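Report on one structure; see the data block that follows.
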Amino acid sequence: MASSKIRQGSNCLDLGCGSGAVSFELLNYVGTSGSVLGIDLDTSNVDYARSLANRLKEVNISFEQGNAYALDYEQRFDLVYSRFLLSHLSHPEKALHNIYQTLSEEGILLVEDTDFSGHFSYPKNEHFDQYVSWYQQLLKSRGANANRGPEIMGLLQKVGFREISFEVKQPAHIDSQGKLMAEITLEAVSKSLLSEGICTKSQIEHTLTGLKVFRERPDSILSMPRIFQYRARK
C-alpha cells in the first residue's frame, strides 16, 4: 500500500476489507481528523472488525456490510483501497465504475490483485502446480478470474481513471513457515472445490500431503502469486 499518498484528514474506503487489518492501518495515516470506512460482503468479517474497533475505542473508523456493485457514497472518499477483490468479481468494470463515483475530485484509487498463474516453485512440484490450477479453475467456474491483475490497467482506462501507474511484487519463501500459504489456501477453498466438482476429497488430501512434504524440504522455494499494485487518480 502506497502509504505516502495518504494524507492526514483524508476520508478513506477499504473495499473488501475482510477482518479490517488494512482499515486499521489506514487509520494510522488519516489521524483523528480523517475517517475510514471498511466494507465487506461477509457479515462475520464486519462483526469482527466492529467489535475490535469498539474494544480499541476508535471512533473515526466504521464497518458496514455491502458489496462493490451497490456503493452509494457519491464523491465521499479521498482514497479508496481494494486488495484481492476484483479477481473474485464477474463484473469488475462495474465495481470500478462505482468506485470512481465514490471518489472526490482528484481522489486516489489504490488497488492490488493477482496473476495467480505467476506462481512458481523450485524445484518444480506437481502438488503445488495442482493447487495453483485448481484455484484458477474455481474462480473461473464462478465467472471470476484469478489472473485479473494484468487486466486491471485496461479496465481503469475504460472507466476514466488517469495518471495510472503500477508495479509488480512477488514474495517467495524458503522458510517452512512462509511456505504454508498454499496449504492454508487450499484448505480454505476445499469445500468450494468439492461443491463445484473440480476435484475429490481424496485428491485434495493427497495434494495437501504432497504440499506439506515439499514445504518441509529445506531447499524448496514457494512463491505467492504475482501481485499487481495500481495507483490511479479520478
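The values are calculated or read from the model by the stated rules, or taken from the named source; none is laboratory data. Just so you know, these numbers come straight off a predicted model, no measurement behind them. Quick reminder, even Gly has a Cβ in these numbers, built from the backbone with ideal geometry, and neighbours come from all protein chains shown. The protein model used for the area step is the full one, side chains on, heavy atoms only, and it has no ligands, DNA or RNA in it. Shrake-Rupley method; radii C 1.70, N 1.55, O 1.52, S 1.80 Å.
Tabulated values for the structure
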quantity	calculated
Carbon + sulfur, % of accessible area of the chain - ligands and nucleic acids excluded, 1.4 Å	49 percent
Per residue accessible area in Å² of region 153-234, where ligands, DNA and RNA are left out and the probe is 1.4 Å	55 Å²
Amide H contacts under 5 Å for Phe63, placed H, 5+ residues apart	Gly38
Among (1) 20.4; (2) 17.3; (3) 18.9, the entry derived from the coordinates for Kirkwood radius over Cα pairs in Å	(3)
Solvent exposure of region 1-143 as accessible area per residue, Å², 1.4 Å probe	48 Å²
Helix 92-102 axis, angle to the chain major axis (alpha carbon atoms, nearest 10°)	20 degrees
Across Lys140/Lys191; Lys94/Lys158; Lys191/Lys212; Lys169/Lys201; Lys169/Lys212, pairs whose alpha-carbon gap is larger than 21 Å	Lys169/Lys201; Lys169/Lys212
Sequence of Tyr69, Tyr131, Tyr122 when ordered by accessible area, the most exposed leading, probe 1.4 angstrom	Tyr122, Tyr69, Tyr131
Gyration tensor verdict on region 122-223 (Cα atoms; rounded if a/c is under 1.5, prolate if a/b is larger than b/c, oblate otherwise)	oblate
Other-chain or far-sequence residues with amide H under 5 Å of Leu89's (modelled H)	Asn145
Cα gyration tensor shape for region 88-166, rounded if a/c is under 1.5, else prolate or oblate	prolate
Estimated 222 nm signal from helices in the chain, with DSSP H stretches of n ≥ 4 weighted -39500 (n - 2.57), rounded to 500	-12000 deg cm²/dmol
Förster-model FRET efficiency, 25 Å R0, Asn60 and Ile184, C-beta, rounded to 0.05	0.15
Whole-Hz ³J(HN,Hα) from phi, Karplus 6.51 cos²θ - 1.76 cosθ + 1.60, for region 149-166, glycine and proline x	x, x, 6, 5, 3, x, 5, 4, 5, 4, 6, x, 5, 10, 6, 7, 9, 7
Cleavage-rule hits, trypsin sites (Lys or Arg not before Pro), region 115-192, DSSP coil, Cβ neighbours within 10 Å at most 13	Lys124, Arg142
